[in-house]
């Protein structure tokens, strides 16, 4: 800390000519100074913005524990000094100053850098290829400088924020950056390629090796051939300089005879007619069959739910299945679902989920159970009676069910904002809106409350979810997390002891042993790790933070533990979270909760009620008396112990 103090005071003496840093003095700890934050008794964060600081930042290069350095909107000048000692640096903001000279050669050595902003300075020269070594980089802002030359070598696949406008750059924009808007490249007249104007030809440049003013060739990238090759071999263009002399006295371009041309046209017409006839016959026969079977009801072109409206043969005398509704639900018939337009939402381990829009405009979610191992109608109905009475703001309500020998349907409230899986992993890349930290924490708390409610509602049954994963955490209209697909693991066939979601499965359940509430806690811990790392539980991308894995199936809890053991805890977190300030403590806190949930021994894992309490305390949310007694009090007054016992 002494060396940090010395470095900061040297910087103040040289740069703070207006004495803006009034709290900085040699008698107090730097950790108490304005703009300074510390970690492990070292200066880790220095944010000094818009303070009219002048001169060089050279003294600050001695702050080797620095993780965040922001000196935006000052009047610092001269070349950017050697920063290679700042190996822990993750965020570097030097915009709106008067820095000059070339792109700082030491920056590419800062391999942990996530954000780099050198915009609005007087930097010049070329953007070096060594920048590609910054594999974690999310932001690269270089606009309004005097950089020149080409940057076609630039390849930073994780970039989310990029701008080089207002420079003197030239050449073709690399494809890896073409997804950024045109404003990211504006005011560089010699730039071309998507999203700007296309590079029509490679212009002659006397300074470029091998340039002799030759006409653009179709074999050179960025140029367009003058001849277009058609799909028919008979119309291939002849070469401008044929290697063989033509076989006739006409021009080098061969021509089709009228007879050949007519034959080709007639052949095309004949093929088209045959194809049209086949398609017409096929669809007419399909439509006629549906009309004969009485199924010519309202069918839209979107994918339909195919239900069995009469699963029992009439002659056997068995009772036809019926819709069973829980209280407070508007009733409808199976035929209403048959007529509903439906959209498939996804396939899971227990069946396929659909969004169904009824004739009256109501929207419901429908799960069609498949490959379910049921003990019989009575067992199914008793279990549905229990699940149908569960009501909680963080649980997707089961509204109705249908049971027949060949068809089992569950009707739920429809959740319009999709799943946590899509929010975390969908559409990654330029233009994506990242899932911010506050939302992730809110979702984690909501999912924990929902799962704790399921665990503590029916004490005699010790209900389990059995399939916690990000696709089963849905978001309602208000953006609240809701746990779905609970209680369906009892229908899992014996052969499905290790379903596709085994990345979430507790070690003790992989050998087919019965799922328990503690195995749910393990799965929830994996879910928290997924929120923190941004990685799917069964796959860790090669070359990601922590490194060492070449992709493929990896145990996420084990990977996180190995990285933390090496004291690279920060390398675990999702790159998208690096843009947010002052959240490191909360992220580490949630990581500790996740690691306790994924303990190898079930006895070492906390109960979900305790997990809820820990997350809410971290968020600064006060627990209500009802929440604090989740272990002993049922939150579902309509669910009596008699009902619980009925399904045992």
task: Name the single residue, out of those in the stretch 489-505 being surrounded by fewer than 23 Cβ atoms within 10 Å (Cβ to Cβ) and not in a loop (DSSP other than H, G, I, E, B), that is modelled with the highest pLDDT.
output: 503
query: Which residue out of 453, 486 is modelled with pLDDT under 90 and more than 18 Å from residue 586 (Cβ to Cβ)?
result: 486
message: Among the residues of the stretch 578-602, what is the count of those that are in contact with a helix residue (DSSP H, G or I) (Cβ under 7 Å, 6 or more places away or on another chain) and farther than 29 Å from residue 518 by Cβ?
response: 2
query: Where in the stretch 325-407 are the strands (runs of 3 or more DSSP E), entirely inside, with at least 1 residues that are farther than 26 Å from residue 417 by Cβ and modelled with pLDDT under 80?
result: 398-404
- request: Would you be able to say whether some residue in the stretch 81-93 is over 30 Å from residue 168 (Cβ atoms), free of Cβ contacts under 8 Å to residues at least 12 places away in the same chain and touching a helix residue (DSSP H, G or I) at 6+ places or on another chain (Cβ under 8 Å)?
  value: no
- request: For the stretch 113-141, enumerate the residues that are in a loop (DSSP other than H, G, I, E, B), surrounded by 19 or more Cβ atoms within 10 Å (Cβ to Cβ) and without any contact (Cβ under 8 Å) to a residue 60 or more places away in the chain.
  value: 113, 118, 119, 120, 121, 127, 134, 137
- prompt: Pick from 21, 8: which is more than 24 Å from residue 113 (Cβ to Cβ) and not in a strand (DSSP E or B)?
  reply: 21
Residue 423 being modelled with pLDDT of 75 or more, in contact with a helix residue (DSSP H, G or I) (Cβ under 9 Å, 6 or more places away or on another chain) and outside the structural domain of residue 485 (by TED's automatic domain parsing): no
message: Just checking, does the stretch 149-156 include any residue being under 24 Å from residue 57 (Cβ atoms), at pLDDT 90 or above, surrounded by fewer than 19 Cβ atoms within 10 Å (Cβ to Cβ) and touching a strand residue (DSSP E or B) at 6+ places or on another chain (Cβ under 9 Å)?
response: no
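The values are calculated or read from the model by the stated rules, or taken from the named source; none is laboratory data. Note that the structure is predicted; figures quoted are calculated from it, not measured. All Cβ positions, glycine included, derive from the backbone under ideal geometry; neighbour counts span all protein chains shown.
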